[in-house]
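Engineer: Let me begin by handing over the structure; questions about it come next.
The values are calculated or read from the model by the stated rules, or taken from the named source; none is laboratory data. What you see is a predicted model, and the numbers here were worked out from it, not measured in a lab. In this analysis, Cβ positions are derived from the backbone assuming ideal geometry, glycine residues included, and neighbour counts consider all displayed protein chains. When the accessible area is computed, the model is the full protein with side chains, heavy atoms only, and any ligands, DNA or RNA have been set aside. Shrake-Rupley method; radii C 1.70, N 1.55, O 1.52, S 1.80 Å.
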Amino acid sequence: MGRLIIVSNRTPAPGERTQPAGGLTVGLYDAVQTQETLWFGWSGHQHMDAADRPVQSERVGNVNYVTFDLTQEQYDRFYLNFSNGVLWPLCHYRTNLIRYTREDCDAYYEANEVFADRLVGLLEPDDTVWIHDYHLFPLGKMLRDRGVTGRVGFFLHIPFPPWSVARLLPKLDMLLTGLAACDLIGVQTPEDAANLKGCFEAYGLKAAVEAVPIGIDPVSFRQQAIESASSDEVIKIMDTLEGTRLIMGVDRLDYSKGLPERMKGFEALLKNYPEHRGQVTFLQVTPVSRGGVESYRLLKEELDGLVGTINGAYGTPDWVPIRYTTWPIGRHILAGLYRMADVGFVTPLRDGMNLVAKEFIAAQDEDDPGVLVLSRFAGAAPEMPEALLINPLDAEGMAEALHIGLTMDVHARHAAWSAMYGEVSRNTAGSWSKQFLDSLEAIHPCH
C-alpha cells in the first residue's frame, strides 16, 4: 500500500502535530501513525505573491505536513464568502443567511484549482488521497482532470441537506459532478447519506456514499478528565459556583449551535421549575469564531443581550444563573469540568456530529454520572438514544428535560450513561478512520 495523502483546508497547527486536540486531528491520529502520510493544505497565510511562493514542509514522525499560501482575495472570496458564507449555511439549512455572488463562486473553484495544481506534483501512482470537507468539494474531479488515477476518497464533516434545500445553490450540478469523481464519499449519518444520494440521483450521477460517523479517543479523554477534575484550575472554577449544581455547554460561536435557543430553554427552567433557582448554574463556554462575518457579530450581540436579561431577571446578589464566556478554555480544563457537571447541554439546530456530546459522556464518573441533554438534530443523536433528546426550538421541552436530568436518580443516570459510553467506546476516532479507509481500499478505482 502506498502513502496516505490527507487534504484539508488547513493542516494542524504546529502544536497539534504532536498533541492532537481538534476533531479531525484526533480522528486521523491512528491512521497517520501507522503509515507514511503527507498532509496537505493551506498555510493560513495570505500574500500578494502567493502563486510564486514555494510550498513549505515540516516532517513530524510519519507525517510530512506540506502547506502553501493564498492571496488575500482568495482567502476572502474562497474561504470567508463562499465556503463559510454560502456552503456552510446551505448545509446547515440556514438558507436565509446565504450571500451568493458569481465572483465568489468562481473564486471557490479557482482556489480548488490552486489546491489541485500544488498537490498533483507531489503525488505518486499508488497514493491514496483522502479529501476533507466542504471547502474542497470539487477537488476530486480536478485531480482526475490532472491525470490522478489512484483511489480518491472524500469525507464531509458537516451535514448535507436534501435536494429540496440543496437545489437553491446555483451550479449545484457542477459541485456534485466534482464530488462524484471520488471513489467513496463519507458522511456522518444515514440521513446525510440519503440526502446526498438523492441529490446525485436528481442529476443522474453515480457515486458511492457511506455513513461513517466520527468518534473520539474515549480512553485518553477520560483519563484527561479524571486528572483534570482535581487540578487547581478546575477546583478554582468549581469553588466559584458556591455549591450549586452545574449545567455545562461548550460550543464555538456559530448560528448552527442553537445558542439563543439554549439560553431560552434554561430561562424556561428557571420560570417553570422555580425550585432550581439559586441551586443550579449554567456555564456556557463560547469561543468567538469568524468574528468578522456579520451574522456571527449579530449572534454575539443577541447572546450578550439574552444572558444579561436572564441574569437580571432571575439573579440575586449571591447567585448568577448564567456564567457566559467567549474566551477559550483549555481542552484539559474542559475535560475536568465535564466530569464535574451534572448536565451536559448540547442543543444544535443542525450538526454534522457534535463531539462535545461524546466527550461529555467519556468524561463522566461512572459511580455518579451526569445526564446528557441532546438535540435530536445533532449527528450524534442516532448513536445516543439514551440521552434526553430535545427539539431546540421548544424551550419548554428543553426545560422539562433539564428538570428531569437534575432530578434523575443515580440508577437511571448510570443506566443511560453506561449504554452511551459503550457506544462511544465502540465507535472511536480510530475505528472511524479505519472503517473509511478499509471501504475505500475495497473499491477498485474506475477513473
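Engineer: Residues Ile237, Ile214: which one is crowded, with 21+ Cβ neighbours inside 10 Å and aliphatic (A, V, I, L, M)?
Structural biologist: Working: Ile237 fails: crowded, with 21+ Cβ neighbours inside 10 Å.
When all the criteria are applied, what remains is Ile214.
Engineer: Pick out the one residue from Pro260, Pro317, Pro287 that is of a type outside the set (A, V, I, L, M) and open to solvent by less than 20 Å² (accessible area, probe 1.4 Å).
Structural biologist: Pro260
Engineer: So Glu386 clears everything in (1) within 25 Å of the chain's Cα centre (by Cα); (2) open to solvent by less than 50 Å² (accessible area, probe 1.4 Å) except one condition, right? Which one?
Structural biologist: Single failed check for Glu386: (2).
Engineer: In addition: Would a scan of the range 382-403 turn up a residue that is without any contact (Cβ under 8 Å) to a residue 60 or more places away in the chain, in contact with a Ser or Thr (Cβ under 9 Å, 6 or more places away or on another chain) and β-branched (Val, Ile, Thr)?
Structural biologist: no
Engineer: Report yes if Tyr273 is over 24 Å from the mean Cα position of the chain (by Cα) and under 23 Å from Glu396 (Cα atoms), otherwise no. Before the answer, list the steps.
Structural biologist: Working: over 24 Å from the mean Cα position of the chain (by Cα): yes; under 23 Å from Glu396 (Cα atoms): yes.
Here the answer is yes, as Tyr273 does meet what is asked.
Engineer: Which one is surrounded by the most Cβ atoms within 10 Å (Cβ to Cβ), of the residues in the range 337-361 that are under 20 Å from Asp254 (Cβ atoms) and hydrophobic (A, V, I, L, M, F, W, C)?
Structural biologist: Among residues in the range 337-361 that are under 20 Å from Asp254 (Cβ atoms) and hydrophobic (A, V, I, L, M, F, W, C), the one surrounded by the most Cβ atoms within 10 Å (Cβ to Cβ) is Phe360.
Engineer: Please determine, by comparing only the residues of the range 338-361 that are of a type outside the set (Val, Ile, Thr) and in a helix (DSSP H, G or I), which one is nearest to the chain's Cα centre (by Cα). Break it down into steps so the answer makes sense when it comes.
Structural biologist: So in the range 338-361, the residues of a type outside the set (Val, Ile, Thr) come out as 338-342, 344-345, 348-355, 357-360.
Add one more test, that the residue is in a helix (DSSP H, G or I), and what stays is 338-340, 355, 357-360.
Values: Tyr338: 18, Arg339: 21, Met340: 23, Leu355: 7, Ala357: 11, Lys358: 12, Glu359: 12, Phe360: 15 Å.
Checked the range 338-361; the qualifying residue nearest to the chain's Cα centre (by Cα) is Leu355.
Engineer: Answer yes if at least one residue in the range 28-37 is touching a residue at least 40 places away in the same chain (Cβ under 8 Å) and not hydrophobic (A, V, I, L, M, F, W, C), and no otherwise.
Structural biologist: Step one: filter the range 28-37 for residues touching a residue at least 40 places away in the same chain (Cβ under 8 Å), giving 28-31.
Those still in the list that are not hydrophobic (A, V, I, L, M, F, W, C) too: 29-30.
Yes.
Engineer: When the residues of the range 362-377 are narrowed to those that are in contact with a Gly (Cβ under 9 Å, 6 or more places away or on another chain) and in a loop (DSSP other than H, G, I, E, B), which ends up surrounded by the fewest Cβ atoms within 10 Å (Cβ to Cβ)?
Structural biologist: To start, the set of residues in the range 362-377 that are in contact with a Gly (Cβ under 9 Å, 6 or more places away or on another chain) comprises 363-364, 370-375, 377.
Checking which are in a loop (DSSP other than H, G, I, E, B) leaves us with 364, 370, 377.
Details: Gln364: 25, Gly370: 26, Phe377: 23.
Per the criteria, the residue is Phe377.
Engineer: Would you confirm, using the coordinates I've provided, whether Leu80 is of a type in the set (A, V, I, L, M) and more than 22 Å from the chain's Cα centre (by Cα)? So that I can check it myself, show each step before the final result.
Structural biologist: Values: of a type in the set (A, V, I, L, M): yes; more than 22 Å from the chain's Cα centre (by Cα): no.
Taking the combined requirement at face value, the residue does not satisfy it.
Engineer: Would you check which residues across the range 401-447 are of a type in the set (A, V, I, L, M, F, W, C), open to solvent by 50 Å² or more (accessible area, probe 1.4 Å) and closer than 16 Å to Val371 by Cβ and list them?
Structural biologist: Ile404, Val410, Ala415
Engineer: Filter the range 147-193 for residues that are assigned to a loop (DSSP other than H, G, I, E, B), among the hydroxyl-bearing types (Ser, Thr, Tyr) and open to solvent by 60 Å² or more (accessible area, probe 1.4 Å) and give the result. Outline the logic, then answer.
Structural biologist: As a first pass, look at the range 147-193 and keep what is assigned to a loop (DSSP other than H, G, I, E, B): 147-151, 156-162, 167-171, 181-183, 188-189.
The next check asks that each one be among the hydroxyl-bearing types (Ser, Thr, Tyr); those that pass are 149, 189.
Within the range 147-193, just Thr149 meets the criteria.
Engineer: How about the range 328-367: which of its residues are among the basic types (Lys, Arg) and closer than 16 Å to Ile390 by Cα?
Structural biologist: Arg350
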